[in-house]
Structure formats: C-alpha cells, structure tokens
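Have a look at the structure below, then the notes.
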Amino acid sequence: MENILSKEIQYIKGVGPNRAKLLNKLGIFNLEDLITYYPRTYEDRNKPTKIAEVQDNKEVLIEAIATSRLEEIRTRNKKIKIYKLIVKDETGTATITWFNQSYLKNIFKIGQTYKFFGKAKRIGSKIEINSPVYDIKEKTKNTGRIIPIYPLTYNLSQNTIRQIIENGLEMVSNKLEETLPQYLINEYNLYDINNAINLIHFPRNFEDFINARKRLVFEELLSMQLALLSLKSKYQKQEKGVTFNKQIHMSDVINKLPFKLTKAQLKVLEEIDNDMESNKSMNRLLQGDVGSGKTVVSIIASYKAVKSGYQVAIMAPTAILASQHLESFKQILEQFGIRCELLISSITKKKKQEILERLENGDIDILIGTHAILEENVVFKNLGLVVTDEQHRFGVKQRTTIVQKGQNPDVLVMTATPIPRTLALILYGDLDISIIDELPPNRKKIDTFAVRKSLTERINNFIKKQIEEGRQAYIVCPLVEENEELNLKSVETLFETYKNETFKEYNVEILHGKMKSKEKDQIMENFKNGKIDILISTTVIEVGVNVPNASIMVVENAERFGLAQLHQLRGRVGRGEYQSYCILKYEGNSKVINERMKVMQNTNDGFIISEKDLELRGSGEFFGTKQHGLPEFKIANLFEDIDILKKVQNVANTIIKEDSNLEKKENEKLKIIVKKKFNNRIEI
C-alpha cells in the first residue's frame, strides 16, 4: 500500500501535468497528500426546503419540477447571456438563473423533477436562485448529501478538487493499512483508518464527520506528543549532564546590577540554579513577554557556568541581535573578568581564525553568535551551557547540533512569543518550562490606537511631530500577495511615496526580506544610531532589536497580521524613556477584525493576547511549522481540541513510561507514525 500512496499526483485520474502544478502549490505531491487534504468546512445539501419557506440570502436545497424550457435572454452587453428556468413544487414557483452557460440549453425537460442548491433571493413572493448546482432527482452528485468545501484551491474549482479526491479515495478503497494499535482503537472507541479517511471527506451525516475527525485528530496529536516525550526521556537517560559548582552564587551578580530584578525573574533564576546544580542535563524553555528581562536571566546563568569552569554558547537569530547581546553581556560580566566574544558571518577571515583558536584553547568564556556557531570548525574546549534565543528560528534539529559540541551541556531556550500556558506544555513537551510573567516596573505602557485608513493624513502629521521632537518611527507593511515580486512592488511604491512626497524632509529607508544580510544589518545599525528617521519594513523587524529612541510604530493593513505578531511588532517601541505609540491602520468591518483591534487596544499582556489569537484564528496559523520547528497540523486545532489533547497526553505519558523506545510489539505502528511525522529526524 505504501507504494500506491507515494504515486505522483499527476498520474491520478482527472489530474494531468497542468492540474498537478496547481495541486503542488497546495502541498499535494502524491496520493497520500491528496487523501489527507482535509475539508475546511461542509455544506449540508441534504434537506430540501419548500419553495414557500425559502428565506432571502440563505443557501437552500429545493426539489422542484421544471415548468418551462430554459429561456435565453439577451442583454445590452452582448457578452452576457442570461438563462432562466421556471420551476415549481406544491407550495409555489421559483426562477432559476444562470449566466453564460449555453451548455445547459438541452438539459432540462418540462415535467422532470430536479434538485437545485444555491443562494436564494426573495423579494416579496418572488423567489430567484442564481447559478445553483443541480441534479436530476434520483442522482446525488452535487446535492442530497453533505458536501466538503476545501481550503485554498488556486484555480481549481471545488467540484474539480472534490472529484480528484473521490478518484484518489477509489484508488485506496479500503486498503489503507491501520496506523494505530488495535488496543487504542478499542479503548477510545475510534474509527478505523479507512472509515475515518472516507468519512472525513464524504460524511453521510454529521455524526460520521465528528467520529472521523476525532480519530484523525487523536492520531495527529498522539504522534506529536509521543515524539516530544521520546526526546525528553532520551535527554533524561543520557549519561550525566554537567553539575555546576554550588559555591558559585548567582547573587554575586544580582547584587551588583544597577536595577532590581522582578519577583518573576528571581523565581525563574531559582529554577535554573537548581537545574544547573543537579547532575541531570537542563532542558528548559524560558518564556517571557517582550521586555520582561530574559536576557539578564541568561547573563546570570552564564556567570555561574563560567565561574564553574565551563564555556557558554549564546545563539541569536540575527547578527544585529547577537551584537546587541554582546554589549549587554560585556556591560555586566566584564567586571568579573569574564571574556565574551562575537562570531557572526561578516567578520574577517583572519579575525574568525583567531576567535576559533582562542575558543578551542579556552581563552573565550562566552561565545555569542548566529547560526555561524553551528559550523563544524567551531570547537569548544569545555562547553557547559547553551542558550538559544527565539526558539522558533532554531528547530529541534539545530538545537541538537549545538548540544553535540559539548558533553551533554545544559540548554536554556528563550522565547518572546507568549504561548497560552495550557499549550506551552504541548508544544515543548521535550522541555521544562519557566515563565517570566511580570514586566520590570520602569516599562511604560505603549498607547495603542486602531484607526481606519481614512485617518492617514492625521497619522502622518503625528509621525512628523514625533520626529521633530527627535524621535524615530517604524512603518510596517504586511506580506500581501502570494507573489513575492508583487509584494515587494507594493512596499517599494509606498516607500517612494513616503520618501519623495509625504516625508521628503526626513531620512526614510526601506528594509525587506530580499536584501542581503549585510545590507539589512547595515540599515538596522544606521536606524539604531539615529541616522534614519523613518524605517519602512516588510519583514517583521527583528525580534528583540533595541532602538530606545524609536517611539512610534505604524502598522499598515493591521488586519492581515495575527494578534501575537502585532504584539511582537509593538514591542519594538517603548524601549526607552519616551512615551511610545502603536497605530494600527486597518480595513474591513468583520466582527473578528473589530474584536482583534479591540484586544490590541485594551491589553499589553502577551499571554492574554495569544489566548485570544488562538481563539479567533485557530491554531493552524498560530503555530506554523516555521515558528516552532514542529510539523504542521493537518486537522487538529489546539484550541478546539483541548479535550482530545488532554486525553492524548495521558495516553502518551503511559506509553512512554512503560515503553520509552516504542519497542513492544503492540506499539510497532506508533513507532512508524512518530518517525514519519518528524521525517525520521527523531531517533527512538
């Protein structure tokens, strides 16, 4: 069966080379991808409504007799032809209308009963249904059943994609190999895999859909939980980790700081201290909102590591962030004789060679850098602690690479993406979790305003006023099109207008993803040093970049960003002593857009915002693969499926406790799905 599932999509009935290209864009490359391309929603075309009971602007299914032939009505515009059909049932008559569909001419026969499904218009007693799908009464191709509606289909119609999936399902017709052990299917009353896959696409009723979905969500969440717990148990079984010196006290640094730590920071440091003094490898996630003071926690942990005789590696996602960390580390640790160095790709060959030699000799205590640290020729003399900043830029894989540069060093992963407490455990099942849930007392609240595009002129005047007072501004544009070229164009057009017209008396620069790293770093450096007044950016301005003089951020088309992302962006301002502002320009009037803008105006708490984001957008967008180095969920939604998730966590814990390597005969199938889910990246 495995072979048939890997059959290329273009060879499936109804596809061919052209449609294959469109399906590839949806991530569908073979038969397995096709049958696991799950519907986004469903239309119930099962229950007919009597014509007299049809409501305006509602989708309906009617069963009616054709009382006229299809009539062609010419319009002034020669390109448009309208076709009308009069139908009736025992309660009334309705007009069915199509546009430019001449092939329908000979289809409808007077006196024959048909089923029509479409949106109805009702004005008084007149009822019209435009461009419905239809069937002869006895057939149920387009009506008379629950019809799946698929997500994003480019130029493929729903009918086409439905037909292709139906053809795919026929090819595997009930021959799929079961992927879950029988004992789990029995215990949790789950559908078998063949039933689940068929009924998720074409359920006979909503009970079918609920049961099929439950089975598929259960499997998806279970494979992820098992993978993460396997990683965790592997860490715990490893030969002993580093045990740091109990006589080296973190308080030596804390007492010399020019500011007081918050209670939350002290609590987190205590957890890290206990981990570092135990002989077990630390694998801890440190979550904290933008500006909550995670960096200083990593500096204090690094002090303990170095004074215990070990080296530290600090990994940041970008060169500018790495340079910023170097400044912070030196500021606090130089007084203790601790030697910090920076390794980024832009340094000269000679300087790099010198750093690598000093690192191997143990003359560098703390190496701060970007992914350049992962290169093979970077050798530590005695690596004891690894800190990775912004976990979502470094997948599980990269973390493993750097850990292998030492003998089971302790690992601290820091992220400023607040994840709802209920879910952090799930996403980071392989890590222990610490949370800094309060901001330092000197942080000023950022005033946030959500405004319509029509207020652009007032906003621009406000930006000018801020710049006149010596401040700087960010203007952020979303990625609008699927097409990167168009994206760049729209941003560059805005940049030209702002630079040459709106803000021509100021220094305006642009930053986007297509630039070379060196160029991006240079622009951020210039902005940081006050040489640029207004920075227009397409990409999310680097997480954690510190420009204390930037006091205003304007987000264009804010409705296109997720809340968590808007919150991250807002955190780029308010980093200095000045009152800061975030202005969200938005379009659209849907309930969700209005609610999201309200949330941003009313709260600065990243955790509340992420809960809301998850609720309003679902988890598909919230937890993308890119963000967490985890596979995408094809069907599970962490917000809706929290009950199944809790069940699955218990199941996974029990299984791993009794069979940590999934070696028992009854768990063979589980081992296969876990390896498959993580593309064999996880050794079990």
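Condition check: free of Cβ contacts under 8 Å to residues at least 12 places away in the same chain and surrounded by 12 or more Cβ atoms within 10 Å (Cβ to Cβ). Does residue 93 satisfy that? Considered against the rule, which asks whether it is free of Cβ contacts under 8 Å to residues at least 12 places away in the same chain and surrounded by 12 or more Cβ atoms within 10 Å (Cβ to Cβ), residue 93 comes out as no. Among the residues of region 222-262 satisfying the criterion of being assigned to a helix (DSSP H, G or I), of a type in the set (Gly, Ala, Ser) and modelled with pLDDT under 85, which is nearest to residue 669 (Cα to Cα)? This residue is 227.
Per-residue answers, yes or no, for (1) over 25 Å from residue 204 (Cα atoms); (2) under 36 Å from the mean Cα position of the chain (by Cα); (3) surrounded by 18 or more Cβ atoms within 10 Å (Cβ to Cβ); (4) of a type in the set (Asp, Glu):
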residue	(1), (2), (3), (4)
107	yes, no, no, no
112	yes, no, no, no
115	no, no, yes, no
126	yes, no, no, no
134	no, no, yes, no
151	no, yes, no, no
158	no, yes, no, no
161	no, yes, yes, no
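In region 499-537, the qualifying residues are those that are of a type in the set (A, V, I, L, M, F, W, C) and under 24 Å from the mean Cα position of the chain (by Cα), and the one that is modelled with the lowest pLDDT is 515. Would you confirm whether or not region 330-350 contains a residue that is under 31 Å from the mean Cα position of the chain (by Cα) and polar (S, T, N, Q)? Yes, there is a match, as at least one residue in region 330-350 is under 31 Å from the mean Cα position of the chain (by Cα) and polar (S, T, N, Q). Residues in region 400-427 that are at pLDDT below 70, in a helix (DSSP H, G or I) and either touching a Leu at 6+ places or on another chain (Cβ under 8 Å) or buried (at least 22 other Cβ atoms within 10 Å of the Cβ) (or both): 423, 424, 426, 427. Scanning region 491-543 for residues that are part of a helix (DSSP H, G or I) and either out of contact with any Cys (no Cβ under 8 Å at 6 or more places or on another chain) or outside the structural domain of residue 555 (by TED's automatic domain parsing) (or both) yields a count of 22. Checked against (1) surrounded by fewer than 17 Cβ atoms within 10 Å (Cβ to Cβ); (2) at pLDDT 80 or above; (3) more than 22 Å from residue 291 (Cβ to Cβ), residue 602 passes all but condition (3). When 301, 372, 313, 305 are checked against the criterion of being in a strand (DSSP E or B), in contact with a strand residue (DSSP E or B) (Cβ under 8 Å, 6 or more places away or on another chain) and not β-branched (Val, Ile, Thr), a single residue qualifies: 313. Does residue 435 meet the test of being modelled with pLDDT of 70 or more, of a type in the set (A, V, I, L, M), farther than 29 Å from residue 375 by Cβ and touching a Cys at 6+ places or on another chain (Cβ under 7 Å)? In short, no.
Of the residues making up region 445-468, those that are of a type outside the set (S, T, N, Q) and either modelled with pLDDT of 95 or more or assigned to a helix (DSSP H, G or I) (or both) number 11.
Criterion first (of a type outside the set (Lys, Arg), in contact (Cβ under 8 Å) with a residue 60 or more places away in the chain and more than 24 Å from residue 141 (Cα to Cα)) does residue 56 satisfy it? I'd like the intermediate steps shown before the answer.
Working: of a type outside the set (Lys, Arg): yes; in contact (Cβ under 8 Å) with a residue 60 or more places away in the chain: yes; more than 24 Å from residue 141 (Cα to Cα): yes.
Judged against the criteria, residue 56 is a match.
Scanning region 538-558 for residues that are at pLDDT below 85 and either buried (at least 23 other Cβ atoms within 10 Å of the Cβ) or farther than 21 Å from residue 293 by Cβ (or both) gives 538, 539, 540, 544. Considering 37, 42, the condition of being crowded, with 18+ Cβ neighbours inside 10 Å, of a type in the set (Ser, Thr, Tyr), touching a helix residue (DSSP H, G or I) at 6+ places or on another chain (Cβ under 9 Å) and in contact (Cβ under 8 Å) with a residue 60 or more places away in the chain is satisfied by 37 alone.
Candidates 84, 79: the one that is under 15 Å from residue 132 (Cβ atoms) and of a type in the set (Lys, Arg) is 84. Give me the residue from region 243-260 that is more than 17 Å from residue 309 (Cβ to Cβ) and basic (Lys, Arg) and, out of that set, farthest from the chain's Cα centre (by Cα). Only one residue fits best here, namely 256.
Quick check on my filter: what residues within region 154-195 are of a type in the set (Ser, Thr, Tyr) and farther than 19 Å from residue 59 by Cβ?
Our first condition is that a residue be of a type in the set (Ser, Thr, Tyr); within region 154-195, this holds for 154, 157, 160, 173, 179, 183, 188, 191.
Matches in region 154-195: 154, 160, 173, 179, 183, 188, 191.
Within region 316-345, the residues that satisfy the criterion of being of a type in the set (S, T, N, Q) and either over 25 Å from residue 413 (Cα atoms) or in contact with a strand residue (DSSP E or B) (Cβ under 7 Å, 6 or more places away or on another chain) (or both) are 323, 335.
The values are calculated or read from the model by the stated rules, or taken from the named source; none is laboratory data. Because the structure is predicted, anything quoted here is derived from the model rather than measured. In this analysis, Cβ positions are derived from the backbone assuming ideal geometry, glycine residues included, and neighbour counts consider all displayed protein chains.
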